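Here is the structure we will look at, set down as structure tokens.
FYI, it's all coordinate maths here, none of it is from the lab. Keep in mind it's a predicted model, so treat the numbers as computed, not measured. Because the Cβ atoms are built from the backbone with ideal geometry, glycine has one as well, and the counts that use them run over all protein chains shown.
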Amino acid sequence: MERATWRTKVGLAEMLKGGVIMDVTHAEQAQIAEEAGAVAVMALERVPADIRAEGGVARMADPLKIKEIMEAVSIPVMAKARIGHFAEAQVLEALGVDFVDESEVLTPADEEHHIDKHKFNVPFVCGCRDLGEALRRIGEGAAMIRTKGEAGSGNIVEAVRHMRLVTSEMRRLSALKEEELMGTAKELRAPYELVCQVVKEGRLPVPNFAAGGIATPADAALMMQLGAEAVFVGSGIFKSKDPRARAKAIVEATAHYDRPDIVAKVSEGIGEAMAGLDVHKLEEKDLLQTRGW
Amino acid sequence: MGRIEDLQVGVLALQGDVREHLLALARCGAQALPVKYEEQIRACQALVIPGGESTTIGKLVSRYGLAELLREFAAAGKPIFGTCAGSILLAKEIEGNEQFRLGLMDIVVERNAYGRQVESFEDELNIPSLGEEPFRGVFIRAPQIRSLGEGVEPLAYCRERVVLCRQGRLLVSTFHPELTTDLRLHQYFLILVQASHSSTDVRKHGNHKRAGYQSVR
């Protein structure tokens, strides 16, 4: 018997496809998420919108809080570690979380090196803004990729940009000749073997999810139609007027993303969405997506 | 018996690893279709309930009024294969849990019975019905089948627990054959489908053939 193989890590990511992963900050929110039909929850101390508003250094959540959330629900529980902070990741693995998000939402601990994720038994998800970044993270051992988008903004524009970039770069690769792949790998700053694998299979070697700015059922349907295999919703649910109704609606819109009539129906009367930010008015230093490389 | 190429097998596509099952079924030669609406499900001769999050799939099945339809599907003698989450949805009872289930198969399951994700594992399984060569079992936050009713036949064990069993035209595994390239279990299911299909009214199904759904990849 072999535990925690690459196949079981990527396998869990495959099992979450078509679903919604929701940010929660305590046990009661986790139960609301589970009742709404979330496939997993992300346990954290503050949602990205609050991290953004309050400032200061954002770190891994209190283990006690994570344990309370793990006890409150039967679905998988994820938690965030700072970029490069392998000791936080070790703590999360010791707690038994099901997935670690090495996340730009927290303040990076290392500006040069991400975590060597192959060393862990727990699978990792990492954010990306383009194909090269996705493949670098997979090269380090990420078993799931998500767009970075712009977390806590309630604005879908950056997630759309990142998802379109990843998929259009994959389409571009498929038109290349074999001898052009090494030069392209260099240009993408991506591992050559992974570039070849993408060409061969026409998709990323691990599931590709959307995150960073999803606030409405239609946002989820948009990302799914752009090629996301599942969606993360951070601040979008618990920063809205009626989290229960919105959570349920986003779950249903994600499952039925190809049916505008259903997306319309579930979007009715679910209260106001989170306020949201114009990302063009954010200063460079306030962007979360530029953290990590 | 009808030809495998003529069989339309639906994969319940509300949530989970639908694509992997579609690929495995297509590689076996069947017409594999993602299904989530009544008319799509009715057009199929058999159904796979994939791996995924059983609470999510269960909620979507009940919110979108598919529970009775799926029970009728089974009652009409059409085969259903549930893997992992699919086995939980087919079970009559889920230990210590009131979550939605179809309750079609006389088994009691316990969710996440091996522990959390870090306990997920692979193991070689001996499955006599599939021949001598071992089958690679991939178990992810897997359930365990705690007990079987009289009509349920165990087909494989792992760590002293039943991990594959069959009751008439219902088949469940607690592992994920769709995450491997070994097609033998999907082939086994399709043979079950062929046998059931030839014993029901073929002409009736014939009209539904290629009812406008695209075969996937």
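How about region A:243-262: which of its residues are within 19 Å of A:Phe209 (Cα to Cα) and either hydrophobic (A, V, I, L, M, F, W, C) or touching a Ser or Thr at 6+ places or on another chain (Cβ under 7 Å) (or both)? Once the filter is applied, which keeps residues that are within 19 Å of A:Phe209 (Cα to Cα) and either hydrophobic (A, V, I, L, M, F, W, C) or touching a Ser or Thr at 6+ places or on another chain (Cβ under 7 Å) (or both), region A:243-262 yields A:Ala247, A:Ala249, A:Ile250, A:Val251, A:Ala253, A:Ala255.
Does region A:12-32 contain any residue that is charged (D, E, K, R), within 11 Å of chain B (Cβ to nearest Cβ) and assigned to a loop (DSSP other than H, G, I, E, B)? Yes. Number of residues in region B:145-157 that are under 24 Å from B:Ser54 (Cα atoms) and either surrounded by 21 or more Cβ atoms within 10 Å (Cβ to Cβ) or of a type in the set (D, E, K, R) (or both) equals 4.
Checking each residue in region B:154-202 for being among the hydrophobic types (A, V, I, L, M, F, W, C), away from chain A (no Cβ under 14 Å) and out of contact with any Leu (no Cβ under 7 Å at 6 or more places or on another chain) picks out B:Leu183, B:Ile191, B:Ala195, B:Val202. Selection of helices (runs of 4 or more DSSP H) fully inside region A:58-157 by the criterion of at least 1 residues being touching a residue at least 60 places away in the same chain (Cβ under 8 Å) and touching a helix residue (DSSP H, G or I) at 6+ places or on another chain (Cβ under 9 Å) returns A:131-139. Annotation: of all residues in region B:116-130 being in a loop (DSSP other than H, G, I, E, B) and crowded, with 19+ Cβ neighbours inside 10 Å, the one that is farthest from the other protein chains (Cβ to nearest Cβ) is B:Ile127.
Filtering A:Ala58, A:Ala38, A:Ala43 for residues that are surrounded by 17 or more Cβ atoms within 10 Å (Cβ to Cβ), more than 14 Å from every other protein chain (Cβ to nearest Cβ) and not basic (Lys, Arg) leaves a single hit, A:Ala58.
Specify which of the listed residues (A:Ile69, A:Ile32, A:Ile75) is farther than 23 Å from A:Arg137 by Cβ, among the β-branched types (Val, Ile, Thr) and surrounded by fewer than 22 Cβ atoms within 10 Å (Cβ to Cβ).
A:Ile32
Anything in region A:95-136 that is closer than 18 Å to A:Leu165 by Cβ and surrounded by fewer than 24 Cβ atoms within 10 Å (Cβ to Cβ)? List them, or say none. Residues satisfying the conditions are A:Arg129, A:Asp130, A:Gly132, A:Glu133, A:Arg136. Residue count for region A:84-94 under the criterion of being within 23 Å of A:Phe232 (Cα to Cα) and either among the small types (Gly, Ala, Ser) or buried (at least 24 other Cβ atoms within 10 Å of the Cβ) (or both): the result is 3.
Of everything listed in (1) more than 11 Å from every other protein chain (Cβ to nearest Cβ); (2) over 18 Å from B:Thr180 (Cα atoms); (3) not in a strand (DSSP E or B), the single unmet condition for B:Lys59 is (1). Every listed requirement among (1) crowded, with 24+ Cβ neighbours inside 10 Å; (2) not in a loop (DSSP other than H, G, I, E, B) is met by A:Glu193 save one, (1).
Checked against the criteria, B:Ala26 does not count as over 23 Å from A:Met15 (Cβ atoms), away from chain A (no Cβ under 14 Å) and part of a helix (DSSP H, G or I). Does B:Glu20 meet the test of being facing chain A (nearest Cβ under 10 Å) and part of a helix (DSSP H, G or I)? Criteria met by B:Glu20.
Anything in region B:97-115 that is away from every other protein chain (no Cβ under 14 Å) and not hydrophobic (A, V, I, L, M, F, W, C)? List them, or say none. Scanning region B:97-115 gives B:Gly103, B:Asp106.
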